[in-house]
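**Student:** Here it is: the structure, laid out below.
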Amino acid sequence: MISDKFMNTIWVFYEANLTPRTRKEYINVVKNFDKCIGHDPLTLTEAEAMRYYNFLLEKISNRRLSYTTGLMRLSVMRSLCEFIRYHHENHGLYYINHFASISLPDIDKTIKQESLPTEDELNTLLKLSSENNDRKAFLIFSLIIKCGLTSNEISSLNIEHIVIDNNNNMCIQFPLKKRQKRIIKLPTEIALLINQYIDSNQINEGPVFINKRKTRMKIRDAERLFNKYIQLGMDNNMINNAFTMQTLRHAAFVYMLKGGASEDEVAKYGGITTKWMTRYRRVVTNETNSQAIDYSIISIKPSIKRPINPPIN
């Protein structure tokens, strides 16, 4: 229930400063939050903020709420709670805006089978970079296809993020983000490729991928490299339609599901919310193969292994 205290100390500001239409939108969001949590946001815990966030995610996933409306509601709560924090601070009170670090994941509205690269096109991308002896491109494409890394993760990958776990498996451990740890166990062939790449480029610290200026490779640099091989494939009639790095990542998840991996496993591996797996599920039909996709071109095995960071817990 929305309290009198909220209406008299917080809402009075919005009553006086918002247009009637915006005021109505804001109060409806407050009512929506109150319906979900059981009280207004004058008091707010991290668990309550996450519960409302998951409430919105579920509605969007089940198509009972548009993604745009979900963004709007989350934005209103973030703004409203920031004003509450400011108001409390001016009155010597403590308040944390737990919505400040919460945002909805970027999504494609739909993922269609025809928009995804085929298995042959994926292998073509890898084959072309291998034939050009372009180890950087080959490793980047392999990390997206086999491990589901995003272009941002490719760009931000440091040598310090590559570790060995207690079972002697090579992993990529990204820093905590929104209090969530992302650890990716690397397939053997990818671990060998990374070892070879690091040794051949004598990388001891800092970014794994650098550009021609010897600085960290930016996302746009990775995209240029990717587009170079897409165009090469199209020029040689080996790739039918251009696709993006994001589409390549989508294809990786779809093929993981086709290979028999569970939605929870794929979501955890890709660092995404399980609720978003419905967009991949629609592509994976009962007629798809139940065997894992064999990317034979990735089976290149380097002979050098290097010692890396101590085991992680």
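The values are calculated or read from the model by the stated rules, or taken from the named source; none is laboratory data. Source: prediction; values computed, not measured. All Cβ positions, glycine included, derive from the backbone under ideal geometry; neighbour counts span all protein chains shown. Note: areas computed on protein heavy atoms with side chains; ligands, DNA, RNA excluded. Shrake-Rupley method; radii C 1.70, N 1.55, O 1.52, S 1.80 Å.
**Student:** Could you tell me the calculated FRET efficiency between Ser262 and Val12, based on Cβ-Cβ distance and R0 = 45 angstrom, to the nearest 0.05?
**Tutor:** E(calc), rounded to 0.05, equals 0.35.
**Student:** Please list, in order, the residues from the range 87-105 whose amide nitrogen is less than 18 Å from a point placed 7 Å along the Cα→Cβ vector of Gln246.
**Tutor:** Zone members listed by number: 103-105.
**Student:** For the pair Arg64 and Glu46, how long in nm is the line joining their label points, each one 7 Å along Cα→Cβ?
**Tutor:** 2.8 nm
**Student:** With Cβ to Cβ distances under 14 Å as the rule, what net charge do the other residues near Val76 carry (K, R +1; D, E -1)?
**Tutor:** Result for the local shell: +2.
**Student:** If you don't mind, there's one more thing I want to ask. Where does each of 73-79, 99-105 land if you order them by average Cβ count within 10 Å, highest first?
**Tutor:** The peptides rank, most packed first, as 73-79, 99-105.
**Student:** Amide H to amide H under 5 Å from Ser103: which residues, 5+ apart in sequence or cross-chain, H placed 1.01 Å off N in plane?
**Tutor:** none
**Student:** Would you rank Lys228, Lys5, Lys136, Lys214 by solvent-accessible area, highest first, keeping every protein chain in place and using a 1.4 Å probe?
**Tutor:** Lys214, Lys5, Lys228, Lys136
**Student:** What is the spin-label model distance, in nm, from Arg220 to Asn158 if the labels are put 7 Å beyond Cα along the C-beta direction?
**Tutor:** 2.5 nm
**Student:** Please turn the phi angles of the range 148-164 into ³J(HN,Hα) values with the Karplus equation 6.51 cos²θ - 1.76 cosθ + 1.60 (θ = phi - 60°), one per residue in order, whole Hz, x for glycine and proline.
**Tutor:** So the Karplus estimates, Gly and Pro as x, are x, 5, 8, 4, 5, 5, 4, 5, 8, 5, 10, 4, 5, 7, 8, 9, 10 Hz.
**Student:** Between Gln173 and Asp235, what is 0.36 nm times their sequence separation minus the Cα-Cα distance? Round to one decimal in nm.
**Tutor:** 18.6 nm
**Student:** Can you tell me how much longer the chain between Ser79 and Arg182 gets when fully stretched, taken as 0.36 nm per residue apart minus their C-alpha distance, in nm with one decimal?
**Tutor:** Answer, rounded to one decimal: 34.2 nm.
**Student:** Carbon and sulfur: what percent of the range 45-102's accessible surface (1.4 Å probe)?
**Tutor:** Carbon with sulfur: 53 percent of the solvent-accessible area.
**Student:** Tally Lys and Arg at +1 and Asp and Glu at -1 over the other residues with C-beta under 15 Å from the C-beta of Tyr94: what net charge comes out?
**Tutor:** Around Tyr94, the charge tally is -2.
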